[in-house]
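A short reminder: the numbers here are calculations on the coordinates, not readings from a lab. What you are looking at is a predicted structure, and each value in this text was computed from that prediction instead of being measured. A quick note on method: Cβ atoms are made from the backbone with ideal geometry, for glycine too, and the neighbour counts reach across all protein chains shown.
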Amino acid sequence: MRFDVVTLFPELFTPFLESGVTRRAYASGQVEVRLWNLRDHAEGNYRRVDDRPFGGGPGMVMMAQPLARCVAAIRAERPRPGPVVLFSPTGERLDHAGVARWSAGEGAILLCGRYEGIDQRFVEAHVDVQLSLGDFVLSGGEIPAMALLDAVARLQPGVLNEAGSHEADSFNPAIDGLLDCPHYTRPEDWEGRRVPAELLSGHHLQIERWRRDRRLEATARLRPDLIAAARAAGRLDRQDEAFLARLAPACAAGL
Ligand code: 9D3
């Protein structure tokens with residue numbers, strides 16, 4: 001799949017694309033990323049990409065014309081570029097189900113907004129979907145675009161190790177949708193804090209049960225909505241329910 005990223009700051013993407021477990025996915029073209037500098041598609045000596053808002057008010061607005069010229073250049077190179085995505089604080093929230101859909105698709109054009117917003121006429125003419133990371137304010141769409149690319153790259157076959165391929169499904173509410181359990185590594189005793197004995201026991205079944213119980217416990221305490229969803233999807237077995245039943249009074253007391 002191919003993602004064409006339109007941004008005023010392409011240099012932000014370079015270290016991101018060259019680092020970590022996802023690097024090979026980008027380097028091999030398994031997830032092909034093309035960076036487009038919006039400034040290159042602006043006209044005039046000043047290469048303006050923003051202007052003052054009609055009606056007044058603070059901040060600047062991204063002009064429609066440079067964005068339209070850049071999208072046209074992408075389409076000229078790539079006949080079926082996929083949907084045009086605008087990262088925007090007013091977009092729909094990106095979640096695992098959304099990431100899973102993008103990771104199974106052919107790619108997209110990713111527009112990274114800056115300033116106060118984008119001329120609405122461009123949005124109406126060219127944008128297919130608007131995505132947000134949540135209700136907090138960033139300075140632009142670059143970090144959200146990297147978040148989508150990273151999450152999509154992780155789901156590609158072969159990007160993670162064997163443990164990771166399980167992880168690919170581990171936060172999918174359709175698979176089990178429970179929060180993760182705690183992790184420990186050496187030393188066994190760190191400043192008087194010991195690794196839970198169950199993890200040192202060597203008993204595979206006991207370890208798996210301990211991890212499952214910690215996941216159920218964390219989820220029941222922090223995200224009871226996910227317990228309800230897992231139950232409704234038939235993802236909790238009798239042992240899970242027995243554990244949750246013992247936990248319930250403490251949870252009800254808000255502990
Ligand atoms: C004063 C109104 N602001 C909205 C809260 C204007 C505004 C702030 C920040 C407009 C754009 C931005 C830049 N943010 C993004 O481009 C963005 C974003 C975000 O800020 N939070 C979560 N997800 C996203 S996706 C793109």
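Remarks
- For segment 13-77, the list of trypsin sites (Lys or Arg not before Pro) that fall in a loop by DSSP and count at most 15 other C-beta atoms within 10 angstrom reads 47, 48.
- Counting DSSP beta bridges with both ends in the chain, the antiparallel % (nearest 5): 15 percent
- Under-5 Å amide H pairs with residue 111, H placed in peptide plane, nonlocal only: 6, 85, 86, 87
- Annotation for segment 1-94: GluC sites (Glu not before Pro) lying in DSSP loop with at most 14 further Cβ atoms inside 10 Å of their Cβ are 18, 43.
- The chain: most fluctuating residue of 44, 234, 91 per GNM, C-alpha cutoff 10 Å: 44
- Summary of the geometry: segment 189-239 and segment 61-105, compared by the centres of their Cα atoms, lie 39 Å apart.
- For residue 212, net neighbour charge (Lys/Arg +1, Asp/Glu -1) across residues whose Cβ lies under 14 Å away: -2
- Axis of helix 64-77 versus longest Cα principal axis of the chain: the two differ by about 80°, to the nearest ten degrees.
- Potential lengthening between residue 206 and residue 137 on full extension [0.36 nm per residue; Cα-Cα distance subtracted]: 20.4 nm
- Annotation for residue 239 and residue 28: the two label points, set 7 Å from Cα along the Cα-Cβ direction, are 3.5 nm apart.
- Using alpha-carbon coordinates, inclination of helix 142-154 to the longest axis of the chain, degrees: 50 degrees
- The chain, relative contact order in percent, only Cα pairs under 8 angstrom and at least six apart counted: 17 percent
- Fully extended contour minus Cα-Cα distance, from residue 54 to residue 101, at 0.36 nm per residue: 13.2 nm
- With R₀ set to 41 Å, the beta-carbon distance separating residue 228 from residue 72 gives a calculated FRET efficiency near 0.30.
- Length released on extending from residue 221 to residue 251, taking residue separation times 0.36 nm less the Cα-Cα span: 10.2 nm
- Modelled this way, with points 7 Å down the Cα-to-C-beta line, the labels at residue 92 and residue 198 are 3.8 nm from one another.
- Whole-Hz ³J(HN,Hα) from phi, Karplus 6.51 cos²θ - 1.76 cosθ + 1.60, for segment 52-57, glycine and proline x: 6, x, 4, x, x, x
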